[in-house]
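Down below is the structure, laid out as structure tokens.
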Amino acid sequence: MAQAEFEELVEDFEFLDDWEDRYRLVIEEGKAMPPLDDALKVPATKVDGCASQVWLHPVTEDGVLHFDGESDAMIVNGLIAVLRKLYNGLPLEAVIDVDARAEMARLGLNAHLSAQRSNGLRAMIDRIRSVATAAA
């Protein structure tokens, strides 16, 4: 089960018929996200496998995952915001159980991202899952 914020995003996407509008919504989500502190943009937080620069800063507290992130690409920043809606606030065990590919498919993202963006999204999901697995 996805987070309530993610469910709201799914509902917003359902009202948008045009993929261009959905793409804009993803970008707007990224713009609304607070920027990542420059001190956190270090090799340890950088996500390999992304065409653009991507940093994810996960924090686990009391068995719950929270993360912030940033990218130098607008659409990727939006994808980070979408992943935050999907994962932030979940217990670590639940993070591992989320079928991110199926959840993203509900937004229609799988069919509209380039191969490079899809690989980058997969790399971000893998990083989030590995952090949760290691901390659980």
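One line per residue, one yes/no per condition, for (1) basic (Lys, Arg); (2) open to solvent by 20 Å² or more (accessible area, probe 1.4 Å):
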{"residue": "ASP99", "(1), (2)": "no, yes"}
{"residue": "ALA115", "(1), (2)": "no, yes"}
{"residue": "ARG122", "(1), (2)": "yes, yes"}
{"residue": "ARG127", "(1), (2)": "yes, yes"}
{"residue": "ALA132", "(1), (2)": "no, no"}
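Restricting VAL82, VAL64 to residues that are within 21 Å of ASP126 (Cβ to Cβ), open to solvent by less than 20 Å² (accessible area, probe 1.4 Å) and either small (Gly, Ala, Ser) or modelled with pLDDT of 95 or more (or both) narrows the list to VAL82. On the stretch given as segment 79-109, residues that are in contact with a Phe, Trp or Tyr (Cβ under 9 Å, 6 or more places away or on another chain) and closer than 17 Å to PRO34 by Cβ total 7. Which of the residues spanning segment 6-39 are farther than 24 Å from ALA102 by Cα, of a type in the set (A, V, I, L, M, F, W, C) and open to solvent by 50 Å² or more (accessible area, probe 1.4 Å)? Residues satisfying the conditions are ALA32, ALA39.
With respect to the stated conditions, VAL76 is in contact with a Ser or Thr (Cβ under 8 Å, 6 or more places away or on another chain), under 24 Å from ALA32 (Cα atoms) and touching a residue at least 24 places away in the same chain (Cβ under 8 Å).
Residue-level analysis places LEU25 among those that are farther than 17 Å from GLY69 by Cα and either of a type in the set (A, V, I, L, M, F, W, C) or in contact (Cβ under 8 Å) with a residue 24 or more places away in the chain (or both). Looking only at segment 102-112, residues that are surrounded by fewer than 19 Cβ atoms within 10 Å (Cβ to Cβ) and either among the acidic types (Asp, Glu) or touching a residue at least 12 places away in the same chain (Cβ under 8 Å) (or both) come to 3 in all.
The values are calculated or read from the model by the stated rules, or taken from the named source; none is laboratory data. Nothing here was measured: the structure is a model prediction, and the numbers come from that model. Don't worry about glycine lacking a Cβ; one is built from the backbone with ideal geometry, like all the others, and counts go over all protein chains shown. What goes into the accessible areas is simple: the full protein's heavy atoms, side chains included, and nothing from ligands, DNA or RNA. Shrake-Rupley method; radii C 1.70, N 1.55, O 1.52, S 1.80 Å.
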